[in-house]
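Scroll down for the structure; my scribbles are underneath it.
The values are calculated or read from the model by the stated rules, or taken from the named source; none is laboratory data. Everything numeric here is computed off the predicted structure, so don't read it as measured data. Cβ coordinates were reconstructed from backbone atoms using ideal geometry, including for glycine residues, and neighbour counts include every protein chain displayed. Calculation scope for accessible area: heavy atoms of the full protein, side chains included, ligands and nucleic acids excluded. Shrake-Rupley method; radii C 1.70, N 1.55, O 1.52, S 1.80 Å.
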Amino acid sequence: MSYLSNSPGDPNNLGYFATPTALETAFPVGFPGAFAIVGSTDTIWVWDEDSMAWVNTGQAAATGPTGPTGATGATGATGPTGATAATGATGGTGPTGATGATGASVTGATGATGPTGATAATGATGPTGPTGPTGATGATGADSTVTGPTGPTGGTGPTGATGATGPSTITVGTTTVASGATTKVLFDNGGVVGEYTISGSGNVAMTTSPTFVTPALGTPSSGVGTNITGIPAANILAGSFGAGAYVISTSLQVATIELGAATDTTLARVSAGVVSIEGVNIVTVSATQTLTNKRITARTVTVNNPGATPTTNSDNNDIAIFTGCANAITSMSTNLSGTPVTGDLLEFWITDNGTARAITWGASFASTTVTLPTTTVISTKLRVLFEWGGSTWDCVAVA
């Protein structure tokens with residue numbers, strides 16, 4: 001669509017603008033009689049001197065004659081090549097061509113002679129021929145001087161006659177000893193030959209370094225067992241040491257110890273420095289151990305009317321209970337003692353005697369986010385919990 005355009009013959013025609021904003025930007029201030037065409041409204045806009053603004057008249061712009069056809073634009077760039085079409089189906093097999101002519105026959109040259117084959121294995125030996133006749137006997141040789149082998153031992157001769165019976169006694173000096181049984185042993189008792197009854201078997205032992213084989217020693221009245229070895233531990237444990245004290249100069253090593261007559265209290269080694277009773281490790285003072293199903297009972301000390309400077313020892317007291325306070329507490333620090341470590345807890349339960357009492361804690365106690373209480377509550381238990389912070393008992397709860 002063509003609109004009125006600015007021309008030298010109509011100075012009031014400012015031309016065409018796409019939007020009112022475009023018109024106002026180009027001509028923020030018009031002049032009397034000025035007008036323009038706005039494309040977004042397709043109407044004529046005029047300058048209003050009264051309002052000093054562009055005003056839409058609502059009048060459609062007149063359509064001018066159609067202008068001449070413009071020159072043909074340049075040819076656009078060639079578009080991309082389209083995708084290649086799918087390959088068509090393969091055609092049928094053509095007819096077989098004619099058979100070619102037979103080639104000429106040519107005999108090749110004779111090949112070289114191959115290597116000689118390996119020699120075959122030698123055949124088996126044929127059978128032995130018959131033995132020839134025996135030759136004539138040779139002349140007799142000279143006599144030999146070599147002695148022939150010894151003949152076999154002859155049979156045992158008959159048993160000789162039994163000898164005469166020996167004497168039934170033996171006389172040594174002036175003492176005659178009758179023949180004894182095999183359980184007797186002779187001895188020299190101050191020049192007089194006698195005999196002792198013996199037991200067991202084997203040789204008679206002398207007094208110096210004898211060797212005994214499985215002897216039954218009975219109950220000796222004395223003896224030194226320094227070099228005794230090989231005694232079974234079960235025999236020792238099954239017996240009784242009797243009354244008295246026993247000292248072992250070196251370490252005693254046993255796998256387990258049964259306390260009492262039964263086996264329900266077995267003391268055993270678990271590892272280095274760890275001992276158990278019936279499979280449960282014994283708690284030690286310094287080792288890092290986890291306690292299960294144990295109850296720690298708080299240590300409490302109760303004092304009625306503790307006075308102005310109550311006495312408290314944190315080493316043997318977890319809860320200090322002060323009842324019937326009849327006067328103000330002027331210092332909780334004066335008589336406080338103990339050697340706490342970081343994290344130790346100390347609690348006070350304070351009850352007055354029906355009259356509120358002032359409480360002064362002193363330098364050993366400090367407030368945190370929880371403020372130290374300064375008085376009791378009449379006839380009501382005041383509970384104050386502290387934790388050792390390294391230099392002071394720090395208040396962590398008040399109830």
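Tabulated data
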read-out: Local electrostatic count, Thr265, Cβ distance below 11 Å [Lys/Arg +1, Asp/Glu -1]; value: -3
read-out: Calculated P(r) tail over 24 Å for the range 262-399, as whole % of Cα pairs; value: 42
read-out: Ranked packing of 381-389, 292-300, most packed first, by mean Cβ within 10 Å; value: 381-389, 292-300
read-out: 13 Å tail of the calculated P(r), the range 15-66, as % of Cα pairs; value: 52
read-out: Cβ crowding within 10 Å averaged over residues, with 279-287, 38-46, 213-221 ranked highest first; value: 38-46, 279-287, 213-221
read-out: For the range 342-399, Kirkwood radius (reciprocal of mean inverse C-alpha pair distance, Å); value: 11.7
read-out: Under-5 Å amide H pairs with Ile321, H placed in peptide plane, nonlocal only; value: Val301, Thr302, Val303, Trp349
read-out: Rounded to the nearest 10 Å², the accessible area of Glu278 at probe 1.4 Å; value: 90
read-out: Solvent-accessible ranking of Thr302, Thr323, Thr128, Thr360, largest area first, probe 1.4 Å; value: Thr128, Thr302, Thr360, Thr323
read-out: Length added when fully stretched, Arg295-Thr375, from 0.36 nm per residue minus Cα-Cα; value: 25.4 nm
read-out: Gain in span if fully extended, Thr355 to Asp318, counting 0.36 nm per residue against the direct Cα distance; value: 10.7 nm
read-out: Burial order of peptide ranges 267-274, 150-157 (average beta-carbon count within 10 Å, highest first); value: 267-274, 150-157
read-out: Calculated log₁₀ intensity ratio I(q)/I(0) where the Debye formula runs over C-alpha points of the range 286-326, q = 0.16 Å⁻¹; value: -0.56
read-out: FRET efficiency, 1/(1 + (r/R0)^6) with R0 30 Å, evaluated for Thr368 and Ile282 via beta carbons; value: 0.15
